[in-house]
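The values are calculated or read from the model by the stated rules, or taken from the named source; none is laboratory data. Since we're looking at a predicted model, the values are computed, not measured. So basically every Cβ, Gly included, is an ideal-geometry build from the backbone, and we count neighbours across all protein chains shown.
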Amino acid sequence: MTENKRAIDMRNKNDLIVIGGAGGFIGGSLARYFTDQGFTRIRAIDKKPLYEWYQVVPGVESLCMDLSEKESAIRACEGAVEVYNLAADMGGMGFIERFRVECLRSILVNTHMIEAAYNAGADRYFFSSSACAYNTDLQKDPHVRALKESDAYPAMSERGYGWEKLLSEMFCQEYWAERGLKTAIARFHNVYGPHGTWDGGREKAPAALCRKVIEAKDSGDLTIDIWGDGLQTRSFMYIDDCVQGIDMIMHSDALIATPINLGSSELIAINDLVSMAEAIGGVTLARTHDMDAPRGVAGRNSDNTFIQEVLGWEPSTPFREGLALTYAWIEQQYNDRKAGKRTVS
Ligand code: NAD
């Protein structure tokens, strides 16, 4: 913790910070976080046109570029002191099980961004990996043993999305080993919160289920459809914990080129998530289970022994608390959309 703090304090508030994928959920929240921390030069980049960004943070240089193209990556990293790569084609299970080619093609973003960051002389490079990089054979039981960092090998990642993450992690490790670029690799476990995708097919379980409860209440059709038997378990990390963790991991010299879990260790069954969303919405719904829908692995949790050891910290926002904030934000979005206003999803 103290070592980490020292590294943060050594940074200059005028250092240029580049964030790829900043039109999305986590990248946008990171741009806001660094702005709030007093950093004055932030370059935010996304391939989506600006009007589709989830957050456009005032004072941040916001550019629309496709970072899977080499020239764009070079332009993006010009003058950068730190580069955060949060850009990927991704979504919940419905997306990553159906669109494996799109997921795999994100390899181009990391390949060009890390090379561009290195050539630009950046000090540090961050890669957003995922719990989907872990061996799926270890995730067949809902009563999971939490995944620890060494469980990624022998490799049997989620097809498409998970393998892209694993290979990009290796790029980060070899750029450090061969070229001395300080890289940081965090394996995120399901992130949720305000300003995330909540509709349209790429949303994840917490947002999707909040939306379904809100829709049921609004329509008066008091039913809810759940993907799978609902016994599958996950842990969910609140967005504020995520951006704080990114900052700490990026600036810990003990973690250079070392993949680390960034996730909550509070395990939640999907059926319990539904009950919590119902309680927040003040309604009880009749449940149906779609056994043909994508469900992903049976269970997954984050073993936080290593992050506790190195940083003396772990994501700790109680799920019920984070879900209430997320529900309130989605309800506002839902009402705004009904009123014809612009919304995130
Ligand atoms: P998101 O979809 O909200 O944001 C990703 C952004 O990247 C999008 O705005 C997208 O337009 C942009 N992007 C995609 N390809 C691009 C390209 N070629 N050039 C420029 N921009 C491009 O997703 P998120 O939840 O913010 O995820 C951010 C990162 O964290 C991703 O790498 C994702 O794989 C990883 N991750 C997220 C979660 C989660 O639960 N949200 C879990 C594990 C890992």
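So residue 29 clears everything in (1) touching a Pro at 6+ places or on another chain (Cβ under 9 Å); (2) among the small types (Gly, Ala, Ser); (3) more than 11 Å from the ligand (Cβ to nearest atom) except one condition, right? Which one? Going through (1) touching a Pro at 6+ places or on another chain (Cβ under 9 Å); (2) among the small types (Gly, Ala, Ser); (3) more than 11 Å from the ligand (Cβ to nearest atom) one by one, residue 29 breaks only (3). Looking only at segment 125-143, which residues are surrounded by 20 or more Cβ atoms within 10 Å (Cβ to Cβ) and not polar (S, T, N, Q)? Matches in segment 125-143: 125, 126, 127, 131, 132, 133, 134.
Inside segment 238-285, residues that are among the polar types (S, T, N, Q), surrounded by fewer than 20 Cβ atoms within 10 Å (Cβ to Cβ) and either under 21 Å from residue 84 (Cβ atoms) or modelled with pLDDT under 95 (or both) make up a count of 2. The test for being closer than 30 Å to residue 298 by Cβ, near the ligand (Cβ under 10 Å from one of its atoms), under 19 Å from the mean Cα position of the chain (by Cα) and assigned to a strand (DSSP E or B) holds for residue 128. Across segment 32-63, the number of residues qualifying as within 11 Å of the ligand (Cβ to nearest atom) and either in contact with a Phe, Trp or Tyr (Cβ under 9 Å, 6 or more places away or on another chain) or in a loop (DSSP other than H, G, I, E, B) (or both) comes to 8. Can you tell me which residue within segment 64-94, out of those that are within 9 Å of the ligand (Cβ to nearest atom), small (Gly, Ala, Ser) and surrounded by fewer than 21 Cβ atoms within 10 Å (Cβ to Cβ), is farthest from residue 168 (Cα to Cα)? Restricting to residues being within 9 Å of the ligand (Cβ to nearest atom), small (Gly, Ala, Ser) and surrounded by fewer than 21 Cβ atoms within 10 Å (Cβ to Cβ), the top hit is 92.
Entry remark, segment 147-192: residues being free of Cβ contacts under 8 Å to residues at least 24 places away in the same chain and not in a helix (DSSP H, G or I) number 5 in total. I'd like to know if segment 101-114 contains one or more residues that are among the charged types (D, E, K, R), more than 10 Å from the ligand (Cβ to nearest atom), on the phi < 0 side of the Ramachandran plot and surrounded by fewer than 20 Cβ atoms within 10 Å (Cβ to Cβ). For segment 101-114, residues among the charged types (D, E, K, R), more than 10 Å from the ligand (Cβ to nearest atom), on the phi < 0 side of the Ramachandran plot and surrounded by fewer than 20 Cβ atoms within 10 Å (Cβ to Cβ): absent. Sub-6 Å Cβ pairs linking a first residue in segment 79-98 that is more than 22 Å from residue 248 (Cα to Cα) and modelled with pLDDT under 95 to a second residue that is of a type in the set (Ser, Thr, Tyr) and within 13 Å of the ligand (Cβ to nearest atom), at least 6 apart or interchain, are 89/106; 96/161, ordered by first then second residue. Identification of helices (runs of 4 or more DSSP H) wholly contained in segment 228-323 with 2 or more residues that are more than 30 Å from residue 215 (Cα to Cα) yields 239-250, 305-311. Within the set 186, 177, 131, the sole residue that is outside the structural domain of residue 332 (by TED's automatic domain parsing) and in contact with a Lys or Arg (Cβ under 6 Å, 6 or more places away or on another chain) turns out to be 131. Checked against the criterion of being modelled with pLDDT of 95 or more and crowded, with 23+ Cβ neighbours inside 10 Å, the candidates 28, 59 yield just one match: 28.
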